[in-house]
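Working notes for the structure below.
The values are calculated or read from the model by the stated rules, or taken from the named source; none is laboratory data. Just so it is clear, the structure is predicted and the values come from calculations on it, not from any experiment. Backbone-built Cβ (ideal geometry, glycine too); neighbour counts: all protein chains shown. Calculation scope for accessible area: heavy atoms of the full protein, side chains included, ligands and nucleic acids excluded. Shrake-Rupley method; radii C 1.70, N 1.55, O 1.52, S 1.80 Å.
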Amino acid sequence: MKTYYIVRHCQADGQAKDAALTPQGIAQSHELAQFFSSIHLNQIISSPYKRAIQTTEPLAYAKQLEIKIDERLSERVLSSKPIDNWYEKLKLRFTYDL
């Protein structure tokens, strides 16, 4: 049986595609590598976002694995401009009439 581990990126300096990890985020990425130190992994897959790649880099280095980038893991773009009531708009995207 396969086991999948899904990890959200560590603390980042924003939500832009090129937002990097903060110093705390970098420390968290090393803690993540330590957490997985005794767990066998076959591969590491990341979104193309800088913060996600940086999150997995210490783990990939420790496990001697290549980080595979999967564009399908990109975030949804709900709007090209800021929206004040973004949470309400987001909820509507996942609300279905049953």
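General remarks:
- Looking across region 73-90, the residues that are at pLDDT 85 or above, part of a loop (DSSP other than H, G, I, E, B) and either among the basic types (Lys, Arg) or farther than 21 Å from Arg8 by Cα (or both) come down to Asp84, Asn85.
- Annotation: of all residues in region 72-98 being open to solvent by less than 100 Å² (accessible area, probe 1.4 Å) and of a type in the set (Asp, Glu), the one that is farthest from the chain's Cα centre (by Cα) is Glu88.
- Cross-chain or 6+ apart pairs with Cβ under 6 Å, region 4-33 first and farther than 13 Å from Ser46 by Cα and open to solvent by 70 Å² or more (accessible area, probe 1.4 Å), then in a loop (DSSP other than H, G, I, E, B) and not aromatic (Phe, Trp, Tyr): Gln11/Thr22; Asp13/Ala19; Asp13/Ala20; Asp13/Thr22; Gln24/Gln11
- Residue match in region 27-37 (condition: assigned to a strand (DSSP E or B) and closer than 28 Å to Met1 by Cβ): no
- Among residues of region 49-71 that are exposed (fewer than 13 other Cβ atoms within 10 Å of the Cβ), those with a Cβ under 8 angstrom from a residue that is in a helix (DSSP H, G or I), sequence gap 6+ or separate chain, pair up as Tyr61/Ala33; Glu66/Ala60.
- Whether a residue is assigned to a strand (DSSP E or B), surrounded by 11 or more Cβ atoms within 10 Å (Cβ to Cβ) and of a type outside the set (Asp, Glu) was assessed, and Ile45 passes this test.
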